[in-house]
Amino acid sequence: MNLQTRLAAVHARIAAACSVSDRDPRTVTLVAVSKTHDADRIREAMALGQVAFGENRVHELVAKATALADLQPSWHMIGSVQTNKVKDLLAVPGLTLLHSLDRDKLADVLEAQVGRRATGKLTCLIEVNASGDPTKHGAAPTDAAALLVHVERECPGLEVCGLMAMGPLAGDVKPVFASVARLRDDLMQRCGRPLPVLSLGMSDDLEAAIDAGSTLVRIGTSIFGSRA
């Protein structure tokens, strides 16, 4: 199956899931996760109309952003970020959204460097370890409010616009995604402002994510095939 067919199939799944959930497909952004796939594959996807791409590793994102400087895709950093990689990350042209803000220390280091960005504030999602899996990154759900407060008080260069989470490796993803949606609603009430973005769902569970209210789905294998 070629890339065009794969991409069309993912869009069809999103549209069908939105129909079932009585949502407008335009409220769901597709982030094509291009990790391990080379810049030529991203060029091919962009020629087919795909705009947003997600990467897990800062060094890979930097290399691809350099190779694709003529096109400047919308880049989403979806993987965990080490503080010693922050300067490199913030230098990426077209960096649109950091999905993986998960601790005060990372927020503080981002804040110290974000003034170097020509485009101003960095938009972020708080990553939540909603499944409680110790092998996964993310703030504990009970710590998310404190992290949000810390960013609002101490990090004016960061703008938190919602939450990101992954489903469990096994079992039903629906209650996990529902818990993240409830947490987002609770945080909105606490902070008194919108948090419009939910980044939930990957290739195997995008339908459940959309049903839970996800506004971003992070799709890799279903678009690009197996990782290189």
Excluding ligands, DNA and RNA, the carbon-plus-sulfur percentage of the accessible area of the stretch 1-72 with a 1.4 Å probe reads 52 percent
Simple spin-label estimate for His137/Gln189, 7 Å along Cα→Cβ, in nm, reads 3.1 nm
Averaging 1/r across every pair of distinct alpha carbons in the stretch 13-71 and inverting yields a Kirkwood hydrodynamic radius, in angstrom, of 12.8 Å
Carbon/sulfur accessible area of the stretch 87-198, % of total, 1.4 Å probe, equals 54 percent
From DSSP H assignment alone, runs of 4+ in the chain each adding -39500 (n - 2.57), the sum over residues rounded to the nearest 500 puts [θ] at 222 nm at -12000 deg cm²/dmol
Simple spin-label estimate for Ala146/Ala63, 7 Å along Cα→Cβ, in nm, reads 3.8 nm
Magnitude of the Cβ-charge dipole (Lys and Arg +1, Asp and Glu -1) of the chain about the Cα centre, nearest 20 debye, reported as 340 debye
Looking only at lysines whose Cα falls under 22 Å of Lys85's and that sit 8 or more positions away or on another chain, we get Lys35, Lys64, Lys105, Lys121, Lys136
Per the rule of 0.36 nm per residue minus the C-alpha distance, extending Glu154 to Asn2 adds in nm 50.0 nm
To the nearest 0.05, the calculated FRET efficiency linking Thr221 and Lys87 through their beta-carbon distance, R0 being 35 Å, is 0.65
Labelled set (i) -0.32, -1.37; (ii) -0.41, -1.36; (iii) -0.27, -1.42; log10 I(q)/I(0) by the Debye sum over Cα atoms at q = 0.08, 0.18 Å⁻¹ computed from this model equals the value at (iii)
Stretched fully, the stretch from Asp204 through Val51 gains (0.36 nm per residue minus C-alpha distance, one decimal, in nm) 52.9 nm
Placing each pseudo-label 7 Å from Cα in the direction of the beta carbon, Lys121 and Ser19 end up separated by a distance in nanometres of 3.8 nm
Counting only residues 5 or more apart in sequence or on a different chain, those whose built amide H sits under 5 Å from that of Glu127 are Leu101, Asp102, Ala139, Met164
Rounded to whole Å², per residue accessible area for the stretch 95-203 with a 1.4 Å probe reads 46 Å²
Residue-normalised value, i.e. accessible area per residue, for the stretch 32-90 at 1.4 Å probe, in Å², stands at 44 Å²
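The values are calculated or read from the model by the stated rules, or taken from the named source; none is laboratory data. Please read all numbers here as calculations on a predicted model, not as lab measurements. With ideal geometry, Cβ positions are generated from the backbone for all residues, glycine too; neighbour counts draw on all protein chains shown. What goes into the accessible areas is simple: the full protein's heavy atoms, side chains included, and nothing from ligands, DNA or RNA. Shrake-Rupley method; radii C 1.70, N 1.55, O 1.52, S 1.80 Å.
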